[in-house]
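*Asks:* Sharing a structure here in structure tokens format.
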Amino acid sequence: YTILSKVHSDRNVYPSAGVLFVHVLEREYFKGEFPPYPKPGEISNDPITFNTNLMGYPDRPGWLRYIQRTPYSDGVLYGSPTVENVGKPTIIEITAYNRRTFETARHNLIINIMSAEDFPLPYQAEFFIRNMNVEEMLASEVLGDFLGAVKNVWQPERLNAINITSALDRGGRVPLPINDMKEGVYVMVGADVPFSSCLREVENPQNQLRCSQEMEPVITCDKKFRTQFHIDWCKISLVDNTKQVSTFQEVIRGEGVLPDGGEYKPPSDTLKSRDYYSDFLITLAVPSAIALVLFLILAYIMCCRREGVEKRNMQTPDIQLVHHSAIQKSTKELRDMSKNREVAWPLSTLPVFHPVTGEIVPPLHTDTYDHTSMPLMQTQQ
């Protein structure tokens with residue numbers, strides 16, 4: 001395949017620091033750069049994916065995220081710019097890949113971060129919406145509906161969406177593909193007035209107890225969100241920056257020069273010779289000598305300290321030796337007698353008359369036959 005690359009003109013955007021930035025990478029914008037299908041009049045629906053990175057780097061800035069569910073959906077760049085990048089243009093290289101023809105198209109997105117006059121907003125609230133995915137929440141109409149519901153409850157003069165984060169980025173699990181389950185989204189908003197009484201209801205002891213028991217708290221304004229957004233009120237976070245005490249400590253920096261330690265003196269070129277004989281004796285000879293002594297002691301105990309039969313008999317009383325000798329002699333005699341015994345066969349086990357002729361049958365064994373090995377019952381012939 002011949003892989004072509006075309007470059008679009010650069011696009012400039014001007015987001016504000018501390019305010020949510022969303023930029024949609026539309027597939028229709030790049031379709032004109034790729035050749036259509038061979039059949040004339042057929043609508044082109046090529047699978048297109050995007051790759052985004054900071055110019056000169058393999059990845060995006062830390063505050064900028066990117067998501068695209070399928071090659072047939074648009075990509076979205078979103079995030080909350082930081083104050084440190086105000087006035088510094090951030091160039092994002094966007095590369096579109098046509099998965100059918102293997103062609104690419106590129107253009108640069110120049111992000112000029114501006115300073116917001118009404119930022120930072122001192123009162124910030126973070127909501128967890130369970131029935132939304134991040135790309136669904138980033139849609140302008142859905143985000144506008146959510147901000148409208150929050151403004152209706154909070155009644156601020158200025159209200160901004162500060163950041164949107166997927167629940168998967170917070171350690172959440174991927175939902176099961178059943179009942180159209182969603183992964184969930186964290187949405188942080190900021191306002192210039194204190195929190196309303198409805199939002200403060202989460203801090204009540206009764207609601208805190210219900211949350212600890214994994215029960216849904218009772219919030220009076222939940223019905224204003226329930227029609228479109230299912231909010232987990234146990235995970236709401238309220239931050240009042242006006243009451244936070246700064247813990248910043250001024251760092252006293254030095255001159256950056258190490259203290260003078262005097263003139264460097266390298267070691268002398270002529271080193272004295274060292275005798276390692278004593279080290280050899282300590283590490284090898286001494287352990288070997290100790291091991292040899294222990295071996296000799298063990299050999300003396302095992303070989304030279306054996307009592308033997310004679311010494312045992314000398315220490316044994318005579319009457320005990322006589323009894324032991326008599327027992328051994330009697331046992332030997334009994335064994336010899338059992339080998340040479342001659343026992344006559346019982347007459348009841350021997351046939352007397354032949355079952356057919358009636359003649360007297362002679363014995364089935366001779367006198368030299370081993371009677372001990374013959375069974376008691378004889379099979380008649």
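The values are calculated or read from the model by the stated rules, or taken from the named source; none is laboratory data. This structure is a prediction, so every number in the text was calculated from the model and none was measured. Virtual Cβ from ideal backbone geometry, glycine too; neighbours counted across all protein chains shown. Surface areas here come from the heavy atoms of the whole protein model, side chains and all, with no ligands, DNA or RNA. Shrake-Rupley method; radii C 1.70, N 1.55, O 1.52, S 1.80 Å.
*Asks:* Report yes if some residue within region 319-336 is modelled with pLDDT under 85 and hydroxyl-bearing (Ser, Thr, Tyr); otherwise report no.
*Replies:* Within region 319-336, not a single residue is modelled with pLDDT under 85 and hydroxyl-bearing (Ser, Thr, Tyr).
*Asks:* Now a separate question. What number of residues within region 73-88 satisfy the criterion of being in contact with a strand residue (DSSP E or B) (Cβ under 9 Å, 6 or more places away or on another chain) and under 14 Å from Val24 (Cα atoms)?
*Replies:* 6
*Asks:* I want to confirm something. Restricting to region 13-31 and keeping residues that are closer than 16 Å to Ile94 by Cα and open to solvent by less than 80 Å² (accessible area, probe 1.4 Å), which single residue is modelled with the lowest pLDDT?
*Replies:* Ranking the qualifying residues of region 13-31, first place goes to Lys31.
*Asks:* Next question. Name every residue in region 156-190 that is more than 18 Å from His230 (Cβ to Cβ) and either of a type in the set (Gly, Ala, Ser) or under 21 Å from the mean Cα position of the chain (by Cα) (or both), in order of residue number.
*Replies:* Of everything in region 156-190, those that are more than 18 Å from His230 (Cβ to Cβ) and either of a type in the set (Gly, Ala, Ser) or under 21 Å from the mean Cα position of the chain (by Cα) (or both) turn out to be Ala161, Asp169, Gly171, Val174, Gly190.
*Asks:* Right, next: Please state which of the following conditions Tyr97 fails to meet, knowing it meets all the rest: (1) assigned by the TED database to the domain that holds Lys31; (2) surrounded by 15 or more Cβ atoms within 10 Å (Cβ to Cβ); (3) farther than 21 Å from Tyr66 by Cα.
*Replies:* Tallying (1) assigned by the TED database to the domain that holds Lys31; (2) surrounded by 15 or more Cβ atoms within 10 Å (Cβ to Cβ); (3) farther than 21 Å from Tyr66 by Cα, Tyr97 fails exactly one: (3).
*Asks:* On the basis of being open to solvent by less than 20 Å² (accessible area, probe 1.4 Å) and β-branched (Val, Ile, Thr), does Ile164 make the cut?
*Replies:* When the stated conditions are applied, Ile164 passes them.
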